[in-house]
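*Asks:* Before anything else, here's the structure in question.
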Amino acid sequence: MSLTIKQAQAIHAINPDAEFNAKDIDHITWRDGTTPISKEDIIAKASELQTAEDNEIKAQADLKASAKAKLMSGEPMTEAEADLIVLWSKQSK
């Protein structure tokens, strides 16, 4: 199994200057004096990044649903909801 994109992102989240080659998470060659990062730390950070991404997707979906409900009922929207409608409108053209 090869190194996942999320695991590579985790490595760079832990050490933005990390230089490495990897066949998979168990076979990482650290280059140019990069301090090795443990497999456990990489997996934990990858999980943290995935959770943050999932939370952001859910928050955007909730915001969209809230904006739609308010638009349909004539209620005032928050600035974030209005921005979402404006961005969506621009993308659909």
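*Asks:* Could you tell me which residue of the stretch 44-86 is farthest from I5 (Cα to Cα), considering only residues that are modelled with pLDDT of 95 or more and among the hydroxyl-bearing types (S, T, Y)?
*Replies:* For the stretch 44-86, the residue satisfying everything is T51.
*Asks:* Moving to a separate point now. Here are some residues: K64, K45. Which one is charged (D, E, K, R) and under 14 Å from H12 (Cα atoms)? Step through it out loud before you land on a result.
*Replies:* Working: K64 fails: under 14 Å from H12 (Cα atoms).
One residue alone meets the criteria, K45.
*Asks:* In the stretch 5-19, which residues are surrounded by fewer than 15 Cβ atoms within 10 Å (Cβ to Cβ) and β-branched (V, I, T)?
*Replies:* I5, the sole residue that qualifies.
*Asks:* Mind counting the residues in the stretch 36-79 that are assigned to a loop (DSSP other than H, G, I, E, B) and open to solvent by 100 Å² or more (accessible area, probe 1.4 Å)?
*Replies:* 2
*Asks:* Is it true that some residue in the stretch 24-34 is in a helix (DSSP H, G or I) and surrounded by 10 or more Cβ atoms within 10 Å (Cβ to Cβ)? Walk me through it before giving the result.
*Replies:* Residues of the stretch 24-34 in a helix (DSSP H, G or I): none.
Within the stretch 24-34, not a single residue is in a helix (DSSP H, G or I) and surrounded by 10 or more Cβ atoms within 10 Å (Cβ to Cβ).
The values are calculated or read from the model by the stated rules, or taken from the named source; none is laboratory data. No experiment lies behind these values; they were computed from the predicted model shown. Don't worry about glycine lacking a Cβ; one is built from the backbone with ideal geometry, like all the others, and counts go over all protein chains shown. Heads up: the accessible areas ignore ligands, DNA and RNA and are worked out on the full protein's heavy atoms, side chains in. Shrake-Rupley method; radii C 1.70, N 1.55, O 1.52, S 1.80 Å.
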